[in-house]
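Heads up: the structure comes next, in structure tokens.
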Amino acid sequence: MSQATQPLSLSKMPAHVAIIMDGNGRWALKRGLPRLAGHKAGTENLRRIIKACVEFGVKYLTIYAFSTENWGRPKEEVLGLMRILEDVIDRELEELNQQGVQLRHIGQLERLPGFLQEKVISAIEKTKHNQQLIINIAFNYGGRDEIIHAIQHIIRAGIPAENVTSDLVSQYLYTAGNPDPDLIIRTSGELRISNFLIWQAAYSEWYVTPTYWPDFDKDEFKKALESYANRDRRYGKVNSTEYEAKDD
Ligand code: IPE
Ligand code: IPE
Ligand code: MG
């Protein structure tokens with residue numbers, strides 16, 4: 001059963017929040033700890049933010065946990081990150097299920113070690129009917145890889161060139177069926193997309209904070225949502241009230 005939600009009283013709430021959970025390594029370095037300790041702290045933080053999403057009534061959360069470029073890190077770190085995902089599923093699945101969280105995966109599952117593929121598939125299966133919050137775990141995910149994968153499937157399906165539209169491409173992405181992210185948060189201050197949701201982010205609002213991911217708490221999350229509520233999303237058009245004022 002899902003717990004009661006207390007939506008924030010903001011003028012506008014994002015239906016879909018995506019997060020580049022960055023800065024775990026620097027968080028650890030600052031404390032004289034190994035990088036993996038930073039990743040573990042980051043995982044603890046993720047529990048808090050998931051809870052806050054359920055409480056505030058966010059419907060979709062996409063989290064960037066391992067990019068296609070992160071394979072280039074030292075072997076121990078790569079394996080450590082795989083183990084951490086395995087541990088998180090082992091420890092948290094029951095509670096997530098009780099909170100009404102549906103887990104999904106975006107990226108290439110096939111390249112992950114067998115033990116992890118099985119864990120992820122069984123977590124997806126177990127939570128597939130939950131509707132409170134849909135979480136996309138981007139693990140071995142890359143935006144370019146996703147687009148290449150979509151093009152390959154479109155060609156294999158024999159779809160004629162003139163039928164390839166923006167909506168059709170969206171249907172072939174790993175995120176098919178999800179609304180595009182309304183708000184993308186990046187922690188640790190980096191001002192780049194790092195191959196995350198490059199198609200879906202076309203009109204997302206951005207929020208970047210210098211805070212490292214393990215320290216990005218519920219209050220900081222609220223600040224990001226408040227910032228979003230004050231944005232004027234014009235989608236390339238002219239704000240209608242300004243336009244009318246000019247006409248008078
Ligand atoms: C983000 O933290 C987590 C992953 C990329 C897996 P980093 O590990 O990138 O931390 P920094 O950027 O080195 O501080
Ligand atoms: C992006 O962070 C990937 C994840 C958070 C999983 P990185 O730390 O890998 O990105 P760069 O190298 O700073 O661009
Ligand atoms: Mg980083």
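The values are calculated or read from the model by the stated rules, or taken from the named source; none is laboratory data. Predicted, not measured: the structure shown is a model, and the values here were computed from it. Methodologically, a virtual Cβ is constructed for each residue, glycine included, from the backbone with ideal geometry; neighbour enumeration extends over all protein chains shown. Keep in mind that these areas ignore ligands, DNA and RNA; they rest on the heavy atoms of the full protein, side chains included. Shrake-Rupley method; radii C 1.70, N 1.55, O 1.52, S 1.80 Å.
Amide H to amide H distances under 5 Å link His105 with Ile137, where only residues 5 or more positions off or on other chains count and H is placed in the peptide plane.
What the chain shows is 53 Å² of accessible area per residue, with the surface traced by a 1.4 Å probe over protein heavy atoms. Treating each Cα of the range 44-84 as an identical point scatterer and ignoring solvent, apply the Debye formula and state log10 I(q)/I(0) at q = 0.29 Å⁻¹. So the normalised log intensities are -0.97.
Express the Stokes-Einstein translational diffusion coefficient of the range 130-248 in µm² s⁻¹, to the nearest whole number, given a Kirkwood radius over alpha-carbon pairs, 25 °C and a viscosity of 0.890 mPa s. Please report the intermediate quantities before stating the final value.
Working: Rh = 17.2 Å.
It comes out at roughly 143 µm²/s.
Extending 7 Å from the Cα toward the beta-carbon at both Arg111 and Thr165 defines two label points whose distance is 3.3 nm.
Using the basic label-point model (7 angstrom from Cα toward the beta carbon), what is the Glu190 to Gln131 distance in nanometres? Spacing of the two 7 Å Cα→Cβ label points: 3.8 nm.
Distance between the 7 Å Cα→Cβ label points at Arg91 and Lys30: 2.1 nm.
Based on alpha-carbon positions alone, could you give the equivalent ellipsoid semi-axes of the range 1-160 from the gyration tensor, as √(5λ), descending, whole Å? Walk me through the intermediate numbers first.
Values: eigenvalues 121, 112, 53 Å².
Result for the range 1-160: semi-axes of 25, 24, 16 Å.
Determine which lysines satisfy two conditions relative to Lys128: a Cα distance under 17 Å, and not lying fewer than 8 residues away in the same chain. Correct list for Lys128: Lys59, Lys119.
Using every Cα-Cα pair within the range 89-133, state what percent have a distance larger than 14 Å.
Details: 471 of 990 pairs.
I get 48 percent for the Cα pairs in the range 89-133 exceeding 14 Å.
Could you identify which residue out of Gly114, Gly25, Gly236 has the top mean-square fluctuation in a GNM of the chain using Cα springs shorter than 10 Å? In this elastic network of the chain, the residue with the biggest mean-square fluctuation among Gly114, Gly25, Gly236 is Gly236. Which Cα, out of Gly23, Ala201, Pro7, lies furthest along the positive dipole direction of the chain (beta carbon charges, K/R +1, D/E -1)? Positive-most Cα among the choices belongs to Gly23.
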